[in-house]
Amino acid sequence: MTLPPHLIELAVSIHHNHGVYALLLGSGMSRAAGIPTAWGIVEDLMRQVAQASGVTPVPEGKALHTWYATTFGVEASYSELITKLEPTSAGQRNLLRSYFEREDEEGQLLPHEPSRAHRAIARLCQAGVVRVIVTTNFDRLAEQALAEVGVIPTVISNELEIEAAPPLVHGGVFVLKLHGDYVKDDVRNSVDDLETYPERLRAYLERVLDEFGLIVCGWSGEWDRALRHSLLQTPNRRYPLVWSAYSEPSAAARELIEARRGRLVARLDADVFFEQLEGRVLALQELRWAPPSDAHVLAAEVKRFMAHPVRDGARLTDLIERVCDDLNTAIRKEAGPPGQSDIKLGLDWVLGVSRPLLHVLGAVLKYDRSGEWTATLKEALTRIDWDVHGLGVPMTDTEQQLRRLPVLLVGLATAGLSAAYGKPEAATFLQADPYREAHATRYSPVEALLRSASLNDQLENVEFTQRAVPIRYWAVDKLVEELAPYFNPATTYEDLRVGELLLALIALDEVVFRRPGKSLMQNTTAVQGTHLYHLSPERARVRLFTLFEPGLKRLPERLGTVAQQPLAAEYDKAAPSAVISRYDYGSGGFRADMSALVSRAFD
């Protein structure tokens with residue numbers, strides 16, 4: 001739809017000036033929620049008076065107004081009718097309650113639901129772009145909508161509450177109810193009530209009118225002389241007034257618009273006006289939004305966005321993809337890791353560039369109950385081109401080896417978390433290779449992970465707290481420390497061992513089933529073990545069946561189509577030796593355990 005120019009200008013102004021506009025809302029705001037306007041209440045009360053007077057049939061429209069004026073000698077008005085029927089505040093409160101509440105199926109009185117406009121306003125408040133709501137309404141629809149998005153406002157409906165309120169400058173969201181609250185004894189209905197406000201309320205209102213721009217919606221500009229007087233008398237030194245009216249504004253409204261040099265947005269009802277305004281403002285926010293850089297803050301953002309997937313789903317997808325893109329840039333740009341002079345600095349670089357994605361992995365795989373975001377994460381991980389051997393960037397052999405290590409950290413973290421939370425499909429991102437071109441020589445993601453063991457020799461020359469170890473020991477120790485918030489501490493090491501097993505099975509699948517005879521690695525296809533050899537075949541078999549029971553029951557049929565041999569024999573055929581012989585633990589080590597494990601898994 002084509003939007004009025006003044007609404008677009010307002011959206012841009014709000015985007016650049018957070019918190020400087022207050023809202024002034026009248027009874028027209030609540031009409032869509034099923035609450036009548038003041039004039040609707042007048043007509044309903046006139047019908048009740050006519051019926052109680054024995055008039056049959058009860059007149060409608062102009063005839064009803066004529067009957068009332070003829071019978072009582074005065075034109076019907078909201079203040080006149082309310083005070084005539086219920087002269088006390090308590091009586092007026094009970095009279096109005098029937099208009100602001102509805103009966104459910106069991107006859108219980110419940111508040112009306114907030115309208116679309118109320119909810120759009122609440123989201124603007126949640127985003128921090130609107131902080132002050134001034135209303136002539138008695139209902140609590142604004143407060144209900146704010147509560148739905150977790151915003152608890154300061155509500156002021158009488159002078160005593162002004163004294164207790166925090167300062168406007170840093171008090172969060174404020175709701176100023178000029179006519180009171182229908183559940184309290186502070187409603188203002190009579191002509192005298194609306195002729196002048198109590199002094200402290202008037203001063204507070206005029207401070208808002210002076211210090212904030214004003215967006216008016218749902219108010220006719222009539223029936224409240226005190227509010228009109230404050231609008232006309234208060235200087236407008238800072239920000240403009242914007243008046244939204246569905247139909248042609250009244251003469252009283254036009255006087256206020258001209259006096260405040262305001263702008264009119266016409267022919268939009270309250271729902272459309274505020275939803276369009278919200279959409280434009282938050283779209284402008286998105287243009288300048290970027291994921292935070294701190295890894296723990298990133299994880300908190302993931303959890304916050306997951307809590308509201310309809311509202312924040314696009315932003316969560318953007319966060320996940322940008323973190324993957326950042327790692328892809330880091331491992332491929334010319335200014336990469338430190339050189340061979342200090343391997344410890346190089347390992348710190350590896351952990352530093354991987355850390356944001358590691359925490360996003362942890363938060364998604366732990367808290368994604370539906371599986372929707374696990375699929376998004378898996379797809380985003382394929383944006384990273386892990387193959388750096390043909391990068392074309394000048395680098396030493398050590399620098400090239402360091403650039404390979406993030407795939408080890410990310411692959412092992414994904415596999416371990418997948419094992420912990422029953423989402424093994426996440427680890428299969430390693431089987432996707434969208435960057436491969438026909439006849440191109442490159443390492444697949446699985447092969448890049450297998451090649452990550454090539455720093456083992458250099459680690460012998462580094463003074464670690466323990467003896468010289470395979471690089472995978474370093475990776476596991478760092479992941480245990482870094483991902484502690486996302487694992488159950490009682491099973492962290494077992495989860496990572498099962499993760500190593502998943503990686504070994506993915507590597508086996510790559511060579512035996514997916515690309516037989518096309519691997520650059522050829523004989524070096526075994527994923528090297530570290531903590532894995534502590535995982536007994538019996539325990540691993542239990543975990544495997546938990547993760548893969550449906551698929552495992554069908555896998556022997558698949559094996560039969562490839563070769564009439566047990567899977568253990570296929571494994572030994574595909575991987576006759578490990579990358580570095582000193583870490584091939586022999587007949588009692590990793591390869592033997594793998595053979596025993598997978599053989600038993602398919603018995």
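The values are calculated or read from the model by the stated rules, or taken from the named source; none is laboratory data. Predicted model only: the values in this text are computed from it and were never measured. In this analysis, Cβ positions are derived from the backbone assuming ideal geometry, glycine residues included, and neighbour counts consider all displayed protein chains. Quick note on the areas: whole protein, heavy atoms, side chains included, nothing else; ligands and nucleic acids left out. Shrake-Rupley method; radii C 1.70, N 1.55, O 1.52, S 1.80 Å.
Residues in segment 320-334 that are among the acidic types (Asp, Glu) and either more than 23 Å from residue 301 (Cβ to Cβ) or surrounded by 15 or more Cβ atoms within 10 Å (Cβ to Cβ) (or both): 321, 326, 334.
Pairs please, first residue from segment 152-174 and in contact (Cβ under 8 Å) with a residue 24 or more places away in the chain, second anywhere and of a type in the set (Asp, Glu) and part of a helix (DSSP H, G or I), Cβ atoms under 9 Å, 6+ apart in sequence or on different chains. Sorted first by the residue in segment 152-174, then by its partner, the pairs are 153/143; 155/143; 155/161; 159/199; 168/211. Report whether or not residue 97 is touching a strand residue (DSSP E or B) at 6+ places or on another chain (Cβ under 7 Å) and of a type in the set (Lys, Arg). Judged against the criteria, residue 97 is not a match.
Flag set for residue 129, criterion: part of a loop (DSSP other than H, G, I, E, B) and buried (at least 21 other Cβ atoms within 10 Å of the Cβ).
Could you list, in sequence order, the residues of segment 412-471 that are under 23 Å from residue 328 (Cβ atoms), part of a helix (DSSP H, G or I), open to solvent by 20 Å² or more (accessible area, probe 1.4 Å) and at pLDDT below 85? Outline the logic, then answer.
Start the filter on segment 412-471 by keeping residues that are under 23 Å from residue 328 (Cβ atoms), which leaves 412-418, 423, 425-438, 440-455, 471.
So of that shortlist, the ones also part of a helix (DSSP H, G or I) come out as 412-418, 425-431, 445-455, 471.
Narrowing further to those that are open to solvent by 20 Å² or more (accessible area, probe 1.4 Å): 425, 428, 431, 451, 454.
Answer for segment 412-471, where residues must be under 23 Å from residue 328 (Cβ atoms), part of a helix (DSSP H, G or I), open to solvent by 20 Å² or more (accessible area, probe 1.4 Å) and at pLDDT below 85: 431, 451, 454.
Of all the residues in segment 84-116, those that are open to solvent by 100 Å² or more (accessible area, probe 1.4 Å), at pLDDT below 80 and either within 13 Å of residue 139 (Cα to Cα) or charged (D, E, K, R) (or both) number 3. Does segment 303-315 contain any residue that is touching a residue at least 60 places away in the same chain (Cβ under 8 Å), part of a helix (DSSP H, G or I) and open to solvent by less than 10 Å² (accessible area, probe 1.4 Å)? Looking through segment 303-315, none of the residues is touching a residue at least 60 places away in the same chain (Cβ under 8 Å), part of a helix (DSSP H, G or I) and open to solvent by less than 10 Å² (accessible area, probe 1.4 Å). Among the residues making up segment 398-412, those that are polar (S, T, N, Q) and touching a residue at least 24 places away in the same chain (Cβ under 8 Å) are 398, 401. Look at residue 364 and say whether it is out of contact with any strand residue (DSSP E or B) (no Cβ under 6 Å at 6 or more places or on another chain), within 15 Å of residue 424 (Cα to Cα) and among the hydrophobic types (A, V, I, L, M, F, W, C). Here the answer is yes, as residue 364 does meet what is asked. Based on this model, can you work out whether residue 123 counts as under 30 Å from residue 282 (Cα atoms) and either assigned to a helix (DSSP H, G or I) or at pLDDT 80 or above (or both)? For residue 123, the condition - under 30 Å from residue 282 (Cα atoms) and either assigned to a helix (DSSP H, G or I) or at pLDDT 80 or above (or both) - is met.
Of the residues making up segment 324-369, those that are hydroxyl-bearing (Ser, Thr, Tyr) and either in contact with a Cys (Cβ under 7 Å, 6 or more places away or on another chain) or without any contact (Cβ under 8 Å) to a residue 12 or more places away in the chain (or both) are 329, 341. For segment 32-81, a tally of residues being more than 44 Å from the chain's Cα centre (by Cα), open to solvent by less than 30 Å² (accessible area, probe 1.4 Å) and either farther than 17 Å from residue 220 by Cα or of a type in the set (Phe, Trp, Tyr) (or both) returns 10. For segment 387-394, the count of residues that are at pLDDT below 90, touching a helix residue (DSSP H, G or I) at 6+ places or on another chain (Cβ under 9 Å) and surrounded by 22 or more Cβ atoms within 10 Å (Cβ to Cβ) is nonzero.
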